[in-house]
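Some notes on the structure that comes next.
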Amino acid sequence: MAKVAQIDGGLLVEAAAYRLRLPADRPFAVLEDAAGNRWAELFLGASLHAREGLDESARLEPPEAVQTADGVQVTVRAVSSHWQRKALVLQCREESLEARLEVAGAGRITDLHLFGGYYSGALRFGSGFFLSGAGFRSVFNPEPWGSERRAIAASEPTLIDVCGSGALPGRRHWIFTPAPFCYGLSRTPVSGAGLLRTGSVATDQGGVDRSAGVAESAPDGTAAGAEPELPAGPWAMMGLVVRPGEHQFTGFHYDGMEDGFALRLTYEGQTAVDGEFVSPGVLFLFDQPDPYTGLERYVAELARRGLVDLSQPAGRPDWWHEPILCGWGAQCHLANLTSARAPELATQANYDRFLAALEARGVRPGIVVIDDKWSATYGTCEADPAKWPDLKAWIAGRHAAGQRVLLWWKAWDPEGLPAELCVTNAAGLPVAADPSNPAYEERLRRAVRLMLSPEGYDADGFKVDFSARTPSGPGLRRYGREWGVELLRRLLWILHDEAKRVKPGALVMTHTPNPYFAQVTDMIRLNDINTGSPVVAQMRHRARVARAALPHHLIDTDNWPMPSRAAWREYLQVQLELGVPSLYFATDLDSMEPLEEEDYAALRRLFAAARAGARQDPGRGRP
């Protein structure tokens, strides 16, 4: 058990995995491993800003330490410029260190800074915003970015969030929304620059990026998309510990600068505090051989504490393991041949042609995804009669052929909804559907019944996209309390809950590989491919993150866009290793290269192997 002692007027906490020194003359705590190698010099001040006032620590009191049943609790009280009471609490256990901020008062909180904050309590150090010192040199972020760097220098900023857009600078991190809220730290520096500059991208209607971008050469002269190696371990993990219902933030930021860093949660003035507020905790776990193993341990710790439920219901339908055809890639190929946009080509006639082309070559997917845009409006989810004259009958035909049908569902889009059911901005413009509004919840549940019930279209589930459009901003207005991560989870909960009510075996796939989302999704899709980076390497990375976050969930390997036939063939060889095989093309690839007989033969073998594996082991379909 961790023990505490007084040394030179300060405190020393010693545990099996680390030691923490709190000097008497500095507002910092030195975090070292058991051998004395420094991980960080943690600033003991913190700032929780509110719209009503910024938070500065005017004084930090001497640390107070008490022995607890599972270790040592250290409390550092502060005099705040805004809060009536404020204290940083460090819970020191044998194998982990956890920090949280506790305040009392009132305000609509905007930003929480941990291990950093405004401070003016020691004249010898001056005043202003203080940072923690970084003893580590590299940071691993599990959220895929357009740069395809697995680790960055500790002096750079990065974040894990529920927002993003592949078409905009600084927002090309929408692939997972969200990834697990956990960073990895290594004392080994990143080798080479490892930076990929984003070039041309594929866009759909409205200029929305549906790919991760095309990269050029790296500044260090390496080939475009070269896979950077991870720095050597040991690794320490630095992740959030959040109670259910309290993920009211949009992003978990690592703010790196020169030799310093701080952590930040963005609440955007959308969460009101009136009384006591306990922040999410930051948990340090040590001695991990690599960050993926560290993610697994972090997720297991959340589950052990009862903060997440990783279980899946028994009796998972066998058809969930069936190979998938998503029509989006074939729609894009047709768009390349015409002046039409790809969403205009999501028609009954085209999907009949896609399936017939594959059937003629002996390739029969078990799941068919009708992609964007089969509906008249995104918000109402009613089939566009000009494109789908009889969607119900078409789906019945797929069922008669032994296939299941998923409908592509665009999260958040307010098209077709009245403004009173939406999150709006200060000008009254609808920004997103509002799942905190009971009236929108009923509208969405009614739409789910239309899409899945035998009285409606009788589809078999949903492929969810655009969850990165989670509304964000201090001026937005919504009906209820939920914001950020909680608002996205509520949206998916409504969709998932009603889907299971209507059709218990319905399949809901999302790109939310975060343990907090385990009970609102059934399958994790690896999402669109970055055509400027080696395909297999990036998708293996995503699959490892998804497996660590949700170890019992199936994985849709995805398959679009593709830079070349050679890259497509290479990825085809590993799809079964990563998850459920997924196909986006019927005759030609994005590169305008046609599929050849050897490609169809490879697909026939892959689909047969997937089905054989699922029969032998129902747990197949995930790494």
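Which of the residues belonging to region 550-592 are at pLDDT below 95 and in contact with a Cys (Cβ under 7 Å, 6 or more places away or on another chain)?
Result: Asp590, single match.
Which residue pairs have Cβ atoms under 7 Å apart, sit 6 or more places apart or on different chains, and have a first residue in region 473-485 that is under 16 Å from Thr266 (Cα atoms) and touching a residue at least 24 places away in the same chain (Cβ under 8 Å) and a second that is loosely packed, with under 14 Cβ neighbours inside 10 Å and aliphatic (A, V, I, L, M)?
Gly475/Ala426
Between residues in region 594-613 that are in contact (Cβ under 8 Å) with a residue 60 or more places away in the chain and among the charged types (D, E, K, R) and residues that are part of a helix (DSSP H, G or I) and surrounded by 15 or more Cβ atoms within 10 Å (Cβ to Cβ), which pairs lie under 9 Å by C-beta distance while being six or more apart or on different chains?
Arg611/His321
Somewhere in region 143-152, is a residue of a type in the set (S, T, N, Q) and under 20 Å from Thr250 (Cα atoms)?
no
Residues of region 122-153 being within 29 Å of Ile529 (Cβ to Cβ) and not in a strand (DSSP E or B), which ones?
Hits for region 122-153 are Asn141, Pro142, Glu143, Pro144, Trp145, Gly146, Ser147, Glu148, Arg149, Arg150.
Check region 267-280 and report whether any residue there is under 28 Å from Leu230 (Cα atoms) and assigned by TED's automatic domain parsing to the domain that holds Glu52.
Checking region 267-280: not a single residue is under 28 Å from Leu230 (Cα atoms) and assigned by TED's automatic domain parsing to the domain that holds Glu52.
Every residue in region 258-303 that is among the charged types (D, E, K, R) and within 21 Å of the chain's Cα centre (by Cα), please.
So the first thing to find is which residues in region 258-303 are among the charged types (D, E, K, R), and the list is 258-259, 264, 268, 274, 276, 287, 290, 296-297, 301.
Once the filter is applied, which keeps residues that are among the charged types (D, E, K, R) and within 21 Å of the chain's Cα centre (by Cα), region 258-303 yields Arg264, Glu268, Asp290, Glu296, Arg297, Glu301.
Give just the number: which of (1) surrounded by 14 or more Cβ atoms within 10 Å (Cβ to Cβ); (2) in a loop (DSSP other than H, G, I, E, B) does Val464 not satisfy?
Here Val464 meets the rest and fails (2).
With the structure loaded, tell me whether Thr470 is polar (S, T, N, Q) and more than 22 Å from Trp328 (Cα to Cα) or whether it fails that test.
Values: polar (S, T, N, Q): yes; more than 22 Å from Trp328 (Cα to Cα): yes.
It is true that Thr470 is polar (S, T, N, Q) and more than 22 Å from Trp328 (Cα to Cα).
If you check every pair at least six apart or on different chains, which have Cβ atoms under 6 Å apart with a residue in region 76-90 that is in contact (Cβ under 8 Å) with a residue 60 or more places away in the chain first and a residue that is assigned to a strand (DSSP E or B) second?
Leu90/Val74; Leu90/Ala99
I'd like to check something: does region 560-578 contain any residue that is touching a Phe, Trp or Tyr at 6+ places or on another chain (Cβ under 6 Å), assigned by TED's automatic domain parsing to the domain that holds Ala335, touching a residue at least 24 places away in the same chain (Cβ under 8 Å) and not in a helix (DSSP H, G or I)?
yes
Might you let me know whether region 533-549 holds any residue that is at pLDDT below 95 and buried (at least 24 other Cβ atoms within 10 Å of the Cβ)?
The answer is yes, given that some residue of region 533-549 is at pLDDT below 95 and buried (at least 24 other Cβ atoms within 10 Å of the Cβ).
Would you mind telling me which numbered condition in (1) under 30 Å from Phe181 (Cβ atoms); (2) at pLDDT 95 or above; (3) assigned to a loop (DSSP other than H, G, I, E, B) Trp320 fails?
Going through the list (1) under 30 Å from Phe181 (Cβ atoms); (2) at pLDDT 95 or above; (3) assigned to a loop (DSSP other than H, G, I, E, B), Trp320 breaks only (3).
Which condition from (1) aliphatic (A, V, I, L, M); (2) modelled with pLDDT under 95; (3) touching a strand residue (DSSP E or B) at 6+ places or on another chain (Cβ under 7 Å) is the one that Ala40 breaks?
(2)
Any residue at all in region 283-303 that is in a loop (DSSP other than H, G, I, E, B) and in contact with a Ser or Thr (Cβ under 9 Å, 6 or more places away or on another chain)?
no
Which residues, taken from region 67-82, are β-branched (Val, Ile, Thr) and either crowded, with 18+ Cβ neighbours inside 10 Å or more than 22 Å from Ala104 (Cα to Cα) (or both)?
Thr68, Val72, Val74, Val76
Residues are listed down the side, and each one gets a yes or a no for (1) outside the structural domain of Thr512 (by TED's automatic domain parsing); (2) under 24 Å from Val308 (Cα atoms); (3) over 13 Å from the mean Cα position of the chain (by Cα); (4) part of a loop (DSSP other than H, G, I, E, B):
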site	(1), (2), (3), (4)
Ser155	yes, no, yes, yes
Ile160	yes, yes, no, no
Gly166	yes, no, yes, yes
Pro169	yes, no, yes, yes
Trp174	yes, yes, no, yes
Pro178	yes, yes, no, yes
Gly184	yes, yes, yes, no
Val190	yes, no, yes, yes
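Go through region 16-27 and give me each residue that's under 33 Å from the mean Cα position of the chain (by Cα) and surrounded by 21 or more Cβ atoms within 10 Å (Cβ to Cβ).
Tyr18, Leu20
Output the residue which, of all residues in region 11-31 that are part of a strand (DSSP E or B) and free of Cβ contacts under 8 Å to residues at least 40 places away in the same chain, is farthest from Thr68 (Cα to Cα).
So the residue we want is Val30.
Just to check your reading of the model, which residue among Leu263, Leu307, Leu325, Leu337 is in contact with a Phe, Trp or Tyr (Cβ under 9 Å, 6 or more places away or on another chain) and farther than 29 Å from Val580 by Cα?
Leu263
Might you let me know whether region 89-100 holds any residue that is modelled with pLDDT under 95 and not in a strand (DSSP E or B)?
No: zero hits.
Considering only residues that are of a type in the set (Ser, Thr, Tyr) and either closer than 14 Å to Ala330 by Cβ or over 32 Å from the mean Cα position of the chain (by Cα) (or both), which ones fall in region 353-399?
none
Looking at region 52-64, which of its residues are surrounded by 15 or more Cβ atoms within 10 Å (Cβ to Cβ) and either at pLDDT below 95 or among the charged types (D, E, K, R) (or both)?
Asp55, Glu56 - these are the residues of region 52-64 that are surrounded by 15 or more Cβ atoms within 10 Å (Cβ to Cβ) and either at pLDDT below 95 or among the charged types (D, E, K, R) (or both).
Before we move on, is Ala58 in the same structural domain as Ala106 (by TED's automatic domain parsing) and assigned to a strand (DSSP E or B)? Please lay out each step first, then the result.
Numbers: in the same structural domain as Ala106 (by TED's automatic domain parsing): yes; assigned to a strand (DSSP E or B): yes.
When the stated conditions are applied, Ala58 passes them.
The values are calculated or read from the model by the stated rules, or taken from the named source; none is laboratory data. Remember, predicted model here, so these are calculated numbers, not experimental data. Note that we place each Cβ from the backbone using ideal geometry, even for glycine, and neighbour counts take in every protein chain shown.
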